[in-house]
Amino acid sequence: MDVQADLTRIDAADVLELRVGDAGGGALALRRHGQSGGGLLTVERVVRAGGSLRAPLEGLPLDDGEWDVLWVDGDGRTAPVDTTDPGVHLSDRAAYLRRPRRRELRAVRDAEGRLLLRSTTVEPYAEVDWVEPPSPGTDTVGVRGVLAYAPDPDRAGAPAVVARQRGLDGVVEAPARLDGRAFSGSVPLEPLAARFRPECPHNEWDLWLRLPGGAELRLAALADDIADKKRKIVFPGTVLEGGGTPVRVRPYYTVANELSLLAVADGGAR
Amino acid sequence: MKIAIVIANAYGLGGTVRTVYNLAEGLAHHHEVEIVSLVRHKAEPFFPVPEGVRLRPLHTIGAAAGKAGDAAGDAAGDGERGGLAQAWWDRRARAVVPEPERERNKSYTAPAVHGLRRYLAGTGADVVVGTRPGVNLLLSAWTPGRVLAIGQEHINLDEHTPEVRAAIARRYPRLGGMTVLTSADRTAYRDLLGAEDGWLEVMPNPLPPRRLPRSTLDNPIIAAAGRLSPVKQYPKLLDAFSRVARAHPEWRLRIYGGGKGEEKLRKKIAEKGLSNQVHLMGRTKDITGELAKASLLAVSSRVEGFGMTIIEGFSVGVPAVSFDCPYGPREIIDHEGDGLLVPAQDTEALGEALLRLVEDREARERMGRQALVSAERYALDGIVERWEAFLERRLAESGRRPRSHAVSGR
């Protein structure tokens, strides 16, 4: 019998909660998506509480990629776990980001209703909650967000937002603020415009947060389920007088959902 | 029964194509079903052809026509006689299908129209169902007496040009019956055609039986869906959503759909300072999967011929907040039951209603539960039964009797 869940979420301790009602006796196992036989990874120490199963996934050897979640009944027969829950619980993400980790797990419902786990190797980064694009008459881009998958930062020392000209040697820094794990800062755009190199039609500046102690985290928006933000999120730009030519600068998300600034000659390619 | 559904182009991805496939899937359980496509522009259709349904293209156009050339090349290959035949069929089609309809849909090619005439003359179908005005007009003119011709309308009468309305008034009475999507449209057609009740039926688009997700209604997401065109009035939705965006900065508006209006809308989003909160999600193949991540569905259209998105939202337990615009929303949404209706074009009221359900989770959950119940009215099985009963009545009243057909594999 297929096991049907109506709630599937993964908490900050990588415990998979499955609300399955009465699933009968059995065990949970994982198998690399796309493999039909063998290679079962049994999940130990699954706790049953009310109509829910709580399965600790921390420490399981899950390589990057997708994993089928299976129910193994008393006779050793396996059946897929189905779910009606799309698996997106945005309010859980803040707690998930708070813990240092090298592997991120997400519960995903495929178009056929099967529950999958998606495992991804991750690095500490700076999750962007909000970008304040340049408003007319101002010449800064504001950013704020939280440290993700990183240990708590040192209190001593001065954090900074760093903009690095991609493929070139320009570096622009500005002071940032840290309040616990929350960061904020503003990137001044004048120095970017002044370093505009017209021989490159697109001058990209990648944004980083430098923590006290020197570690640098890339600014990115990875917490939600939107895979490709480059075309989906659009920020306005502003025009500054660069070294003689007007330069248009705007924030944008890269194909990797990282936050960068794009400077182009005004009236040129966008 | 043997049922043939004639569609302009069954290989594309439009809403009509999707609903025709759904209906064909349901009818195929007990009947022999064939989808006849005037043209075919690619080798495989965008949506998979339902099990047990036959797809019959009449004219291959564009790149799919192969190296021999394009649509114009077809007749050229036949030499002068083919060219004359083409011109003759082109004239015959023009005599029946008005210019605005030919402009709106490019499927009325001479070979396709000729193919349809030949198909109708030889078909073993008991019933042929047309799916847009040009096709319905051709069926009214050319369907032989032994076959019942039904015209299905996916577009409201008021949205047709005067030329198309005039052709409908002149020729539709020769059809054996017709169906529309809403009661409002039934009234409009009854006034135009003076049709009897049994001849003209409301037949909503069905929801196919699928394993559907269900929204947990806990994400701060409002969804909207439909192509990025002026009729959807997304700039008004941006204004309405601004109200929510100011009061609850964590809420997001996700707009699903593609189209020519994208660049303009991108500019509007940036201008209104909603860059962080409004996302242009593009087209999706799994619309119910995406809607199930949301907690509300918003509809800001000038008109909605039906409102398939509202029903898709209902089917995953998401309540709708909509302008009370013509025609579909007020027939689908039970105000305060499974969603909220606000006066059409009243952007302020739309924002107010969205804000109310953003802030009142309990009401959202109550309406979400009711939405699931409402969605059952559109379940494929029930809609198919209504179609069967309608077709049988029309066959009986017109003195035709369906021949018995063996249905393979059922």
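FYI, it's all coordinate maths here, none of it is from the lab. Every value quoted in this text rests on a predicted model; they were computed, and no experiment measured them. Here Cβ is always computed from backbone atoms with ideal geometry, including for glycine, and neighbour counts include all displayed protein chains.
Miscellaneous remarks
- Per residue Cα convex hull volume in Å³ - calculated over the protein assembly as shown: 203
- Region B:221-377 shape via C-alpha gyration tensor axes, a/c threshold 1.5: rounded
- Taking only the alpha carbons of region A:1-132, we obtain Rg and Dmax values of 15.0, 58 Å in that order.
- Inter-site label distance for B:Glu51 and A:Asp154 at 7 Å from Cα along Cβ, in nm: 6.5
- For the residues of B:124-131, the average number of beta carbons from a partner chain within 10 Å of their own beta carbon is 0.
- Proximal aspartates and glutamates to A:Lys232, defined as alpha-carbon separation beneath 12 angstrom and excluding residues fewer than eight positions away on the same chain: B:Glu262, B:Glu263
- Computed from phi, the 3J(HN,Hα) profile of region B:28-35 under the Karplus parametrisation 6.51, -1.76, 1.60 (θ = phi - 60°) reads 5, 5, 10, 9, 8, 10, 10, 9 Hz, with x in place of Gly and Pro.
- Amide proton proximity set for A:Leu222, modelled H, under 5 Å, gap of 5+: A:Val128
- Here's how it looks for A:Asp266: its modeled amide H is under 5 Å from those of A:Val247, A:Arg248, which are all 5 or more places away or on a different chain.
- C-alpha center-to-center spacing [region B:253-319, region B:8-66] in angstrom: 27
- The residues A:Glu66, B:Glu271, when put in order of fewest to most other Cβ atoms within 10 Å, stand as B:Glu271, A:Glu66.
- Across region A:228-240, computed HN-Hα scalar couplings (Karplus, 6.51 cos²θ - 1.76 cosθ + 1.60, θ = phi - 60°) run 10, 7, 4, 8, 8, 10, 10, 10, x, x, 9, 10, 10 Hz from first to last residue, x flagging Gly and Pro.
- Other protein chain Cβ atoms within 10 Å, averaged over every residue that makes up B:212-220: 5
- Table column - 3J(HN,Hα) (Hz), region B:237-246, Karplus curve with 6.51, -1.76, 1.60, x for Gly and Pro: 5, 4, 4, 5, 5, 3, 4, 5, 4, 5
- Angle in degrees between helix B:162-171 and the longest Cα principal axis of chain B, rounded to the nearest 10: 50
- Based on the Stokes-Einstein relation at 20 °C and a viscosity of 1.002 mPa s, and on the Kirkwood radius from alpha carbon pairs, chain A is assigned a translational diffusion coefficient of 103 µm²/s.
- Partners for A:Lys229 among lysines (Cα-Cα distance below 20 Å; same-chain residues under 8 apart left out): B:Lys260, B:Lys264, B:Lys267, B:Lys268, B:Lys272, B:Lys285, B:Lys293
- Other-chain or far-sequence residues with amide H under 5 Å of B:Leu207's (modelled H): B:Ala379, B:Leu380
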